[in-house]
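Structure record follows, encoded as structure tokens.
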Amino acid sequence: MISTAWLWFWDTWNETTGNYPDLSTFLSLLALVALSCYVFLIKKPSKDKAPLPPGPRGLPIVGNLPFLDPELHSYFAKLAEKYGPVIKVRLGSKLCIVFSSPAVAKEVLKDYDATFADRDQSAMGLALSYGGVDLGVAPYGDHWRMLRKLCVKELINHTRLTALYDLRRREARRMINRIYTKIGSPLSLNEEILLTTFNFITNMMWGGTLEKEEMSRLTTEFRLVVHEMIDLMGKPNISDYFPALAPFDLQGLEPKMKKNVIWFEKIFQQVIDRRREMESQGEGQEKEGKDFLQILLQLIEQGDQKTPFTLTHLKALFLDLILAGTKTTATAVEWAVSELIKQPVLMKKAKQELDEVVGMNNIVEESHLPKLQYIEAVMKEVLRLHPPGTLLLPRTPKESCIIGGYMIPKGAMVFVNVWAIQRNPEYWVDPLEFRPERFLNSTWDLNGSDLRYFPFGSGRRMCAGVPLAERQTSYLLASLLHSFDWELPEGEKLDLTEAFGMEMTKKIPLVAIPTPRLFEPRLYT
Ligand code: HEM
């Protein structure tokens, strides 16, 4: 074909000019053709010409669904070993793309951050977020920006968190006291911490608006509700894989999710009504500054035409913060205690540091945290080896783009496998070993700046709760280890198996027996 084209060119030139082209004309033309090829084929690959990423061949209609392993994070990691850092997996009619190396994660979360700033909206995500108007699910845009700004400016920033320390302190002391009444008996650590984080966050949002008895009833029910919601979020859902079937909700998951949302909604409405009643009676006016609930109620009353904030938005935001900020923290601290029980030498180091910094006649305060370097390293190592958000929260590109040389079509469901990256031997020495020392005197941070370590995600949709998570995980772990020795019940074996879900947990929850360490009983009140 090339020779035919060449002959055609040769003859045409001859007919037009009456002679044949000389060598320099010929070379110039050749260079021009080569340059055009470079620009169009190599330098600027056409979006249509980049191939889709490789991946396992699926069956017609159902794609890879029949072969899907419920432990998605490790299933995707195995596929990445075979096919490379960008893979595609077809789940029903949905195309999923999974990124599993720091280089491609950087492209998605930093270089093309705005393109990937929308969430993939799952049926359960929509059901729990009042149709996607919360912070975690809302599309990237003015509404999302307003919610995020509210959180950062009014609740989750260092100044505000420092001002709210007394509330966290009170709940942490209650936890220690509750555990003290159970010394010598096996207890579920996750459940104890979950109650505490629920009280932390609700106190921070609406203070003492509800009576103590009412709060304690809710706290007990909360555990069941939150477990079911997280479970429903992690379940494979036909509505997501075949969106055309979503209106039929074939597995009947939606009513279950809605029942739990209504449970929360009743609490929120009760809190709002009570607060309005208090305000109308002039109660609570003496308090310094406004709390989060007051600020949000005021915003509703003010009414903003451009980005309206309504009661539904308030409820969706509260639910988001509770769901995102309780179980994640509880599970991370549970992993930390489990890993330390497994390696008594590390447990000894942690306690030694606590005894030196806090002392045996004292209780842990958040002000001790900057000196508790080993505790901090333990928490960072937990978030490396067992990140609660194994695949981050799924995103979707608002337009087709090319990442890692592959075409990522608009609307695909995108995962970034942080779990796989954080245990890849290319970037970590002995990655499967729990070794907090790797974080001592290191520059690793939690801000997603280095895409080899980003347990809170990265870019504009990264976790909105990092400053709170950082404080409460270390504070709770330090308090639990300083106040008690922890042992497994006789004959029990420690199980460190992970269970995939919207938030990865321990497959078998840690049950351990506490024994007091401190000399004076007053330190447990
Ligand atoms: C150990 C504790 C926590 C971990 C490991 C964690 C991890 C994550 C991850 C991986 C994401 C998705 C980020 C992405 O897509 O790039 C996320 C999102 C989010 N997290 Fe956290 N989180 C924790 C605690 C908290 C806390 C305490 C709060 C607040 C109370 C919180 C609020 C949120 C919110 C609101 C989002 C959605 C942000 C958005 O879409 O703009 N998280 N978190």
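Past 23 Å, Cα to Cα: identify those pairs from LYS235/LYS256; LYS88/LYS380; LYS153/LYS410; LYS110/LYS327; LYS88/LYS110, in the order given.
Pairs exceeding the cut-off: LYS88/LYS380; LYS153/LYS410; LYS110/LYS327.
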Nearest 10, in degrees from 0 to 90: the angle of helix 311-325 to the longest Cα principal axis of the chain is 80 degrees
Shape of segment 44-524 from its Cα gyration tensor (a ≥ b ≥ c, root eigenvalues): rounded if a/c is under 1.5, otherwise prolate when a/b > b/c, or oblate? oblate
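Just add up the charged neighbours of ALA512: K/R +1, D/E -1, any other residue whose Cβ is under 9 Å from the Cβ of ALA512.
Net charge in that neighbourhood comes out at -2.
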In degrees, nearest 10, range 0 to 90: what is the angle between the Cα axis of helix 344-357 and the longest Cα principal axis of the chain? 60 degrees
Between 0 and 90 degrees, rounded to the nearest ten: what's the tilt of helix 23-37 against the longest Cα principal axis of the chain? 30 degrees
Please tell me the relative contact order of segment 44-524 in percent, rounded to the nearest whole number, where contacts are Cα pairs under 8 Å and at least six residues apart. 26 percent
Out of the trypsin sites (Lys or Arg not before Pro) in segment 286-363, which ones are loop residues according to DSSP with at most 16 other C-beta atoms within 10 Å? LYS287, LYS290, LYS306
Can you put THR396, THR326 in order of Cβ neighbours within 10 angstrom, beginning with the fewest? THR396, THR326
Equivalent ellipsoid, segment 382-434 (semi-axes from 5 times Cα gyration tensor eigenvalues, Å): 28, 14, 5
Largest first, please: the extent of the C-alpha atoms of segment 322-481 along each principal axis, to the nearest Å. 61, 35, 24
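For a quick check of your reading of the filter: which GluC sites (Glu not before Pro) in segment 344-392 sit in a DSSP loop and have no more than 16 other Cβ atoms within 10 Å?
GLU365
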Computed [θ] at 222 nm, deg cm²/dmol, the chain (DSSP H ≥ 4; -39,500 (n - 2.57); rounded to nearest 500): -15500 deg cm²/dmol
Which of LYS49, LYS398 has the fewest Cβ neighbours within 10 Å, and the rest in rising order: LYS49, LYS398
Sorted by Cβ density within 10 Å, fewest first, the residues TRP263, TRP206: TRP263, TRP206
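Computed from the coordinates by the stated procedures, all read-outs in this text should not be read as laboratory data. The shown structure was predicted, so the numbers you read here are calculated from the model rather than taken from an experiment. Don't worry about glycine lacking a Cβ; one is built from the backbone with ideal geometry, like all the others, and counts go over all protein chains shown.
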